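Following: one structure in C-alpha cells, then a few remarks.
The values are calculated or read from the model by the stated rules, or taken from the named source; none is laboratory data. Source: prediction; values computed, not measured. All Cβ positions, glycine included, derive from the backbone under ideal geometry; neighbour counts span all protein chains shown. Ligands, DNA and RNA are stripped out before the accessible areas are found, and what is left, the full protein with its side chains, is counted by its heavy atoms. Shrake-Rupley method; radii C 1.70, N 1.55, O 1.52, S 1.80 Å.
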Amino acid sequence: MAAPSLGNILIIDDNPKLLKDALPMYGYHAEAAEDGLLGLEYLDKHYHTTDLVLLDIMMPNLDGWETLKRIRDNKYYNTIPVIMLTAVDEDYKQISGLKTGADDYVVKPYVLPNLLARIEALIRRSNWNKLRNSGAISKEAMEQISKLTQRELEILKMVSKGASNADIAEKLFVKEVTIKTHLNNIYKKLNVENRVQAVLLAIETEIVKE
C-alpha cells in the first residue's frame, strides 16, 4: 500500500519539470501548470484538494504577480499558501510579494531541503489554522504541549519570539549547551523535528501569540 501524500502541491512555472519530478520523491503529490492562466484554471477545478502553490514570477501569458493577486482575490481559494519562486534576490521585490499576499519567497537556485522545510511548515500551519478556525484544535497537540516542563515552556515562548540560543542562555544564566538540550527534549515531546515546527505548534495552540 502506498504511503499517504504529505500534501497536494500545484507548481505554476513555465519550467516545472525539476520540482514535479522531485516532490513525489519526498512524499508530495505534484501537479504543474506552465503559466498563470493555466494555474488559475486548475485551481478553479481543484482548489479544495490543493494544499500549497509554488508560483514562479517570470512566466508567459500571466506573470506571478498578477497570478498571486487573482488567487488572493478569489473567495474560494484565497487562503491557499503560496511560495513565490524567483531568480531575483532583491529585498524590495520580496517585500512587495509578501504585501501582495505571498506566504514565503524563495530565490533560485534554491536548496531543495530548504524549500521542502518551508513547504512542510506552511502546509502544517495551514492545516492548524483550519482546525483552529473550526474550533477543533487537536487534542493530541494540547496533550503534547502539556508534557513540557515550566522551563521548557519558558524556553519555547522565548524561541517563538525570535530569541537565539545564546540570548536565552544569557537571560536564564545557563550555558548555551543546556538550552540545546532543552530544545531537543522539547522537539521529542512535541513530536516535531526542528525549531520552526515547534514554534508553529506553539502559535497554533495559542501558547504564544503571533
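Checked against (1) modelled with pLDDT of 80 or more; (2) open to solvent by 30 Å² or more (accessible area, probe 1.4 Å); (3) in contact with a helix residue (DSSP H, G or I) (Cβ under 9 Å, 6 or more places away or on another chain), P113 passes all but condition (3).
Scanning the stretch 15-49 for residues that are touching a residue at least 24 places away in the same chain (Cβ under 8 Å), farther than 15 Å from E120 by Cβ and either open to solvent by less than 10 Å² (accessible area, probe 1.4 Å) or basic (K, R) (or both) yields a count of 3.
Residue selection: K209 satisfies the criterion of being at pLDDT below 80, surrounded by fewer than 17 Cβ atoms within 10 Å (Cβ to Cβ) and either among the basic types (K, R) or under 16 Å from R124 (Cα atoms) (or both).
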